[in-house]
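**Student:** This is the structure I want to talk about, given as structure tokens.
The values are calculated or read from the model by the stated rules, or taken from the named source; none is laboratory data. Note that the structure is predicted; figures quoted are calculated from it, not measured. All Cβ positions, even for glycine, are placed from backbone atoms using ideal geometry, and neighbour counts span all protein chains on display. Just the protein is used for accessible areas: all its heavy atoms, side chains included, with ligands, DNA and RNA removed. Shrake-Rupley method; radii C 1.70, N 1.55, O 1.52, S 1.80 Å.
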Amino acid sequence: MKDLKNYIETNRERFLNELFELLRIPSISSKEAHKEDMIKAAEWVKDKLAADGAENAEVLSTNGHPVVYADKMVDPSLPTVLVYGHYDVQPVEPLELWKSKPFEPEIRDGKIWARGADDDKGQMYMHFKAFEYLNSTNQLPCNIKFMIEGEEEIGSPSLGAFCEANKEKLKCDVILVSDTAMIAKDFPSITTGLRGLSYVEVKVKGPKRDLHSGLFGGAVANPINILCDMISSLTDEKNRITVKGFYDDVLEIPENERKEMAKAPFNLEEYKKELDIEEVYGEEGYTTLERVGIRPSLDVNGIWGGHTEKGAKTVLPSEAHAKISMRLVPNQDSKKITELFGKHFKAIAPKSVKVDVEFLHGGEGYVAPSDTVEFQAASKAFEETFGQKAIPVKSGGSIPIIALFEKALGVKSILMGFGLESDAIHSPNENYPLDNFFKGIETIPYFYKHYTEMKGK
Ligand code: BES
Ligand code: MN
Ligand code: MN
């Protein structure tokens, strides 16, 4: 790659300034109040792709937030890589825990601090700059398409229909994504597994109004007490999920794959230290990497009801609420799990309360083989810049569109993530090391080169 390092060095400041413009747009997809910001971010992405040399850049409307598309077709006989990323971000609360404001990006300690710095604005932007370099130096080895969405953080609800309706436009040989993490610093990783997701909100309703906890306490079911009982019964003493039928479709991973996973450079002591916990916790019989990579899980994401303001109020509340996410492994179906959960949750409720279960969003898991051209090409690309082969990693996170792509377009994805576990995505103080950002820009062009060479043979 001619002058690649030099190109990055010369344009360092500009790359960061551009990314900061995007980071300043509070494109929180889950909040109605940010609808305008979503459009602003989409327009910004479209303009940048055009400025970087892509053609046909457009903002396409969907049933939800818009999708940005652009391409550069150099020769129809060459392979086509579709780059996927998302311009939406997660909410930022609690604000008081941020050391600098989430939408006022800052560089401290060699890292970019902002919501979206890693997930996924920073990682997505590496692709724009890698493309800018290849295009402006006339070195594009293959055709490139971009599809950047704005609903990833809410489960990509409009994208199934969008892919079905735009099959021709999205036609490609492989999908390239940087929206995952490396297993450890300096250990390039290719994600070969993602978990699926079923996300529900539950409501437990007791008496028709809040009651005096003295006059009624002990005689009427307290929905918060009941909800807590119900939630705690969702896992057993082995930390297995008790929802009837939950494990029916879970595939046990063969022993040799578990042995492979155990070789990953994962340090449990450092993991505990980084999270400031004395001990890890999870399903009996599985390691930490297995618990997130190949086993399902169930977590309460939020729980509320009753009196939560300062001071005491003696009240027996009328309602209790919780948001619950279930991470699923490939072969579990998120719709089926949501149904099983709904049935189970209603069945375990005592007669003294009424229960409502609402499905918020979900998506399917994904498995990628490691014996493919794209895996080899990605691994070679990493070798060029990290001096080391990539490690296949099963991640606990979810990217619902990846399974949709496979279903609608019949195309596999290659997940070359440059994030770190310490980047605090979805948390206060999200950050992205400058090293990872620039290393990403340097690595991506090699993927196109090796992929085109290997695919052509
Ligand atoms: N980029 C993440 C997923 C991820 C992060 C995968 C790190 C692997 C390693 C993505 O933006 C994300 O957060 N997805 C959501 C999906 C959900 C809201 C449907 C998730 O996993 O919670
Ligand atoms: Mn992401
Ligand atoms: Mn995310």
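**Student:** If we keep just the residues of the stretch 156-195 that are of a type outside the set (A, V, I, L, M) and within 14 Å of ligand 2 (Cβ to nearest atom), which is nearest to ASN63 (Cα to Cα)?
**Tutor:** Only one residue fits best here, namely SER156.
**Student:** Any idea which of LEU159, LEU211, LEU194 is of a type outside the set (Asp, Glu), open to solvent by less than 20 Å² (accessible area, probe 1.4 Å), within 30 Å of SER413 (Cα to Cα) and at pLDDT 95 or above?
**Tutor:** Only one candidate qualifies: LEU194.
**Student:** Moving on to the next point. May I ask you to say which residue of PHE382, PHE405, PHE418 is buried (at least 20 other Cβ atoms within 10 Å of the Cβ), of a type in the set (A, V, I, L, M, F, W, C), assigned by TED's automatic domain parsing to the domain that holds GLY110 and in contact with a Cys (Cβ under 7 Å, 6 or more places away or on another chain)?
**Tutor:** PHE405
**Student:** Further, regarding this structure: Could you list, in sequence order, all residues of the stretch 123-140 that are open to solvent by less than 10 Å² (accessible area, probe 1.4 Å) and within 18 Å of ALA50 (Cα to Cα)?
**Tutor:** Answer for the stretch 123-140, where residues must be open to solvent by less than 10 Å² (accessible area, probe 1.4 Å) and within 18 Å of ALA50 (Cα to Cα): MET124, TYR125, MET126, HIS127, PHE128, LYS129, ALA130, PHE131, TYR133, LEU134.
**Student:** I would also like to ask the following. Among ILE148, ILE144, ILE112, ILE107, which is outside any loop (DSSP other than H, G, I, E, B), farther than 30 Å from LEU251 by Cα and open to solvent by 20 Å² or more (accessible area, probe 1.4 Å)?
**Tutor:** Residue meeting the stated conditions: ILE107.
**Student:** Now for a different question. Suppose we filter the stretch 163-191 for residues that are in contact (Cβ under 8 Å) with a residue 40 or more places away in the chain and either part of a loop (DSSP other than H, G, I, E, B) or open to solvent by 20 Å² or more (accessible area, probe 1.4 Å) (or both); how many remain?
**Tutor:** Number satisfying all stated conditions: 19.
**Student:** OK, next. Does the stretch 327-336 contain any residue that is closer than 30 Å to GLU96 by Cα, charged (D, E, K, R), within 16 Å of ligand 2 (Cβ to nearest atom) and assigned to a helix (DSSP H, G or I)?
**Tutor:** no
**Student:** So the check is Cβ under 9 Å with 6+ separation or different chains; which pairs have a first residue in the stretch 393-407 that's within 17 Å of PRO296 (Cα to Cα) and part of a strand (DSSP E or B) and a second one that's open to solvent by 30 Å² or more (accessible area, probe 1.4 Å) and within 12 Å of ligand 3 (Cβ to nearest atom)?
**Tutor:** From residues that are within 17 Å of PRO296 (Cα to Cα) and part of a strand (DSSP E or B), the pairs are VAL393/ALA181.
**Student:** Only one of GLU93, GLU58 is surrounded by fewer than 22 Cβ atoms within 10 Å (Cβ to Cβ), in the same structural domain as CYS172 (by TED's automatic domain parsing) and more than 16 Å from ligand 3 (Cβ to nearest atom). Can you tell me which?
**Tutor:** Checking each option against the conditions leaves just GLU58.
**Student:** Right, another one. Just to be sure before I move on: is GLY155 within 16 Å of ligand 3 (Cβ to nearest atom) and among the small types (Gly, Ala, Ser) in the structure I sent?
**Tutor:** Spelling it out, GLY155 is indeed within 16 Å of ligand 3 (Cβ to nearest atom) and among the small types (Gly, Ala, Ser).
**Student:** For the stretch 116-129, what are the residues that are away from ligand 1 (no atom under 12 Å from the Cβ) and part of a loop (DSSP other than H, G, I, E, B)?
**Tutor:** Once the filter is applied, which keeps residues that are away from ligand 1 (no atom under 12 Å from the Cβ) and part of a loop (DSSP other than H, G, I, E, B), the stretch 116-129 yields only ALA117.
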